[in-house]
Structure formats: C-alpha cells, structure tokens
Amino acid sequence: MEKNQMTSVGALLMALCNDLQLSRQSNDTWCMYTAESESFATDTPCYLADSPCFDMGFVRLPPDAVRHGMSAYITDTLLCDVVAEALSHWNQADAETLVYTLNYFLEHDCFPPQEGKTLRQLDEILQGYQWERGFQVLRGILAEPACDLSLALEIFYRVGGFDFLEENRKALDTEALAILNTLYTQIAAGKYKSAMRHYAIPLTKIQRYKLERRQVPAVFLTDL
C-alpha cells in the first residue's frame, strides 16, 4: 500500500484483499488513520501513513494525518488479519463484508461467527493457525456453534493452560491471561460439549496428579 494518501476504509480493505490474494505483502509497516475509532462505513475517509511515534507515554500521530483531521489509527497487521479472516470464508469478499468484519472485531474483540462451519473445518483452521498473530482467530473459533470441548481444551492448553492451572501467571502475557480466564470459566461451566473429536490432554501423570491435588476440575485433566 502506498502511504501518505487519502482513501476510504472500503477501498483500502479491498486493496489489501487483492494484495493478499496475489501474495503481495510489503515489509514496510503503516497505519490507517481515521477521524473515528469504530463503526466505519465503506466510504469512511482514511489516511495511510507511517506508524505513530511513542514518546514518554504520549502517542504522536504523523503531522499529515493530524492536518487531515485524523485522531484514531489501526495497524496494518490488524487490517491484514481482518482481510485474511474474510478470505478464509469467501474466495472474494466485497467491501461491505470486509468493513462489517472490521467493525465486528472492534466491538467484540473477535471475528464474527460463521454459521454452518463444521467441527472439521474449525479443526483445520486451528491446526493451520499462526500463533504469533495473536488470539483474534482463536476467539472466532470459540464463538462458533460447532466448537466442541476438545477444541476448547486444545486452545486452552496451547495458549498456556498448564501455567494458568499452576498459577504461574508470570509466564503469561496480559492477552493470554485474559482469554484463559474466560475460557477456564466457560469450560468449567459446561459451555462446550464433547463431540467425536479426540484430544489427549498434554500432561504427564505427575502433572495430572499435582493438578488433582489442587482440585482442578476433572474436565481439564481427562482425555477425550
């Protein structure tokens, strides 16, 4: 994407969509600057520029973005994640779908659930997930109606569930701890039901014994 230009949110997301489909990704980082921070329309004006500077706790936006009346920004990484999520469901997403996906994520901190996605499809998404890209896609999987107990447990442990159960919170970053807190409560309350998918809890006998002594619920210690 060319920086230092005005465009619209819809046009920007469509351009990113084309770039991702053609495997054209730049190593140069940038941000989308807007006058508002949420509830975008396809024609909402936006300005592309370098990432803001962080100085002594203050966020300094690029001067050109400020001159255009822009006060909020979204990173290129998040925008690419939004487009990639849309393309995982549609071969070619239109501007309205892309903007809807972005707005949904900004409001709910996860991608919109896709009705009709099967457990097998969710499993494939999880196995192909790039863990360094954060937890947005994982939240989307957990919100899907087809998500079962085995998937929820696998996500729990892959995010850092053993450290969570051991109360080794220093080993977890803030985002991981937040998703683990929520997921622990949901699993313990029986939100996710067991289906036909197998999952072996990744614990040794000694680890299971220690967690049993801590009175960890059996659902976190039992293979499916």
**Asked** Out of (1) at positive phi; (2) open to solvent by 50 Å² or more (accessible area, probe 1.4 Å); (3) at pLDDT 90 or above, what's the single condition that is false for residue 202?
**Response** (1)
**Asked** Can you tell me which of 207, 121 is within 24 Å of residue 109 (Cα to Cα) and part of a helix (DSSP H, G or I)?
**Response** 121
**Message:** Pull out all pairs, ordered by first then second residue, where Cβ-Cβ is under 8 Å, the residues are six or more apart or on different chains, the first lies in region 39-58 and is over 8 Å from residue 9 (Cβ atoms) and of a type outside the set (Ser, Thr, Tyr), and the second is open to solvent by less than 30 Å² (accessible area, probe 1.4 Å) and part of a loop (DSSP other than H, G, I, E, B).
**Reply:** 48/30; 49/30; 49/62; 50/30; 50/62; 52/62
**Prompt:** Does region 79-90 contain any residue that is under 15 Å from residue 33 (Cβ atoms) and small (Gly, Ala, Ser)?
**Reply:** no
**Message:** Going residue by residue through region 115-132, is there one that turns out to be without any contact (Cβ under 8 Å) to a residue 12 or more places away in the chain, basic (Lys, Arg) and in contact with a Lys or Arg (Cβ under 9 Å, 6 or more places away or on another chain)?
**Reply:** yes
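Assess whether residue 83 counts as being open to solvent by less than 80 Å² (accessible area, probe 1.4 Å) and at pLDDT 85 or above. Talk me through it step by step, then tell me what you get.
Numbers: open to solvent by less than 80 Å² (accessible area, probe 1.4 Å): yes; at pLDDT 85 or above: yes.
So residue 83 fits the description; yes.
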**Inter-residue pairs, beta-carbon under 7 Å, first touching a residue at least 60 places away in the same chain (Cβ under 8 Å) and in region 4-15, second surrounded by fewer than 20 Cβ atoms within 10 Å (Cβ to Cβ) and not hydrophobic (A, V, I, L, M, F, W, C), 6+ apart** = 4/64; 6/45; 6/68; 9/42; 9/44; 10/42; 10/43
**Fill in**
Checked pairs for region 85-106, first farther than 15 Å from residue 14 by Cβ and part of a helix (DSSP H, G or I), second open to solvent by 40 Å² or more (accessible area, probe 1.4 Å) and at pLDDT below 80, C-beta under 9 Å and 6 or more apart or across chains, list as 103/38; 106/37; 106/38
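What number of residues within region 180-199 are out of contact with any Ser or Thr (no Cβ under 6 Å at 6 or more places or on another chain) and open to solvent by less than 80 Å² (accessible area, probe 1.4 Å)? Spell out the reasoning first.
Kept after step one, since they are out of contact with any Ser or Thr (no Cβ under 6 Å at 6 or more places or on another chain), are these residues of region 180-199: 180-196, 198.
Next cut, open to solvent by less than 80 Å² (accessible area, probe 1.4 Å) only: 180-184, 186-188, 190, 192, 194-195.
Residues flagged as out of contact with any Ser or Thr (no Cβ under 6 Å at 6 or more places or on another chain) and open to solvent by less than 80 Å² (accessible area, probe 1.4 Å) within region 180-199 amount to 12.
The values are calculated or read from the model by the stated rules, or taken from the named source; none is laboratory data. What you see is a predicted model; the values in this text were computed from it and never measured. Heads up, the Cβs are rebuilt from the backbone with ideal geometry, glycines too, and the neighbour counts pull from every protein chain shown. Areas reflect the complete protein model, heavy atoms only, side chains present, ligands, DNA and RNA absent. Shrake-Rupley method; radii C 1.70, N 1.55, O 1.52, S 1.80 Å.
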